[in-house]
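One structure is given below, encoded as structure tokens.
The values are calculated or read from the model by the stated rules, or taken from the named source; none is laboratory data. Predicted model only: the values in this text are computed from it and were never measured. Here the Cβ positions follow ideal geometry from the backbone for every residue, glycine too, while neighbour counts run over all protein chains shown. SASA here: full protein model, heavy atoms, side chains in, ligands and nucleic acids out. Shrake-Rupley method; radii C 1.70, N 1.55, O 1.52, S 1.80 Å.
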Amino acid sequence: MEKASSPEASPKPHHKKSFVTTLMEAATLRSPSFKEDTYFISHLKSSEKKSLQELKDKLTASLGPDGQCTMWGIPLLSGDEKADVILLKFLRARDFKVSDSFHMLEKCLAWRKEFKADSVAEEELGLEELEGVVAYMHGYDREGHPVCYNAYGVFRDKDMCERMFGDEEKLSKFLRWRVQVMERGINLLHFKPGGINSIIQVTDLKDMPKRDLRVVSNQILSLFQDNYPEMVARKIFINVPWYFSVLYSMFSPFLTQRTKSKFVISRQGYAAETLYKFIRPEDVPVQYGGLSRTNDSQNGPPKPASEFTVKGGEKVNIQIEGIEGGATITWDLVVGGWDLEYSAEFVPNAEGSYTIAVEKVRKLSPWEEAIHNSFTSREAGKMILSVDNTASRRKKVAAYRYIVRKSCLD
């Protein structure tokens, strides 16, 4: 039976970090202090329970004795715990001020009716070129929240901007498409006390054009703030340019402490390190240093990966032993921010047999995606995957997984 030994590190020279490096690493990640609501009624303060009942009373009075309204397929006056979860989101968004919460709820119901939001998730909008590129749901975080990725770098292309935002009709269609992505994410939620009741937003700021997207991004922000209260548990910004901290300090005073507590900010080149803290490597897209490819979901749940770190100045060998003759081993391997050397070799068990260089030593660039390869052995032996970080001082996160299929002739 094959088995992988723990990644084995070779001795490394000692590097002393500079003061500037230490400061930069400290600024790489802001850990959020946000604690998501459980939505158990028993966990509410007495004043919050009172506000919930008052909101229900106001909604009942506005609709009349036989009135009813639904949101995300849930009747809001059913007395059901799912309805309570939705109403509590509106209350939380307005600090449990009943009048403000009711006004927000009324406006949201009116917008959903006018926008036909209940049916948008199933519509064919003809914007396939944006699917899986600009905004898309992809996998789950470690706690089970659905994850929505956003990347607007494609809009550096002026022609693309013109096709999407060239006139009011095009802009309206794009906004409808973006709401569609959000609605599909909301449809994955439980709306249940103690369940998964919000999503994770990951926004890639790499190459994002600031001017061309200002109007669009403001409209999206306004739509989501007004109509999707407390639907985002965490906002992770990756590939953040240096000037973002200046912009953040400017708009930070206008954000509530609750909103700011959801933010995670990660500078350029540290996407994998940041995302791995919240999302398992097999669920992180390959373009962000993970192992997940677009069509992987067609083959069922992703095979779990083993995580490890490669310290600055060290070489790590992963040994997969017990591979039988005629078996085929397939592996995936990734190191966040690569910039190191990688190789793979097969070492037969029999004395006198030669080691086979399956993948010769090569330098991998920082933007290289995960390696996916396979090898069929003629004789029993072990596979050794090597990552050599001796030329770097930077500690890097990494992950690998493998599967061995025995020969059909056995």
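Brief remarks on what is shown
- Basic side chains Lys and Arg get +1 at the Cβ, acidic Asp and Glu get -1 at the Cβ, and with that the dipole of region 39-115 about its Cα centre reaches some 220 debye.
- Here is how the number arises for the chain: DSSP H runs of 4 or more residues each give -39500 (n - 2.57), the sum is divided by the residue count, and the result at 222 nm is -9000 deg cm²/dmol.
- Answer label, with Rg and Dmax of the Cα atoms in Å calculated from the coordinates and candidates (1) 22.7, 80; (2) 25.3, 88; (3) 22.8, 69: (2)
- Lysines whose Cα lies under 20 Å from that of LYS406, excluding same-chain neighbours fewer than 8 positions away: LYS3, LYS303, LYS382
- Annotation: lysines with alpha-carbon distance below 18 angstrom to LYS311 (same-chain offsets under eight excluded): LYS12, LYS16, LYS17, LYS277, LYS363, LYS395, LYS396.
- Options GLN225, TYR248, SER353, ranked by Cα towards positive dipole end of the chain, top entry (Cβ charges): TYR248
- Given charges at Cβ of Lys, Arg, Asp, Glu: the chain dipole, positive-most of TRP367, ALA380, LEU188: TRP367
- Using a simple spin-label model with pseudo-atoms 7 Å out from Cα toward Cβ, THR376 and LYS192 lie 4.6 nm apart.
- Charged-residue dipole, Cβ positions (Lys, Arg, Asp, Glu), the chain about Cα centre, Debye nearest 20: 1560
- Amide H contacts of LEU77 (H built 1.01 Å from N, under 5 Å, at least 5 apart or other chain): CYS69
- Stokes-Einstein D in µm²/s, Kirkwood radius over Cα pairs - region 306-405 at 37 °C with 0.692 mPa s viscosity: 236
- As a fraction of the 1.4 Å probe accessible area of the chain, surface on carbon and sulfur atoms comes out at 51 percent.
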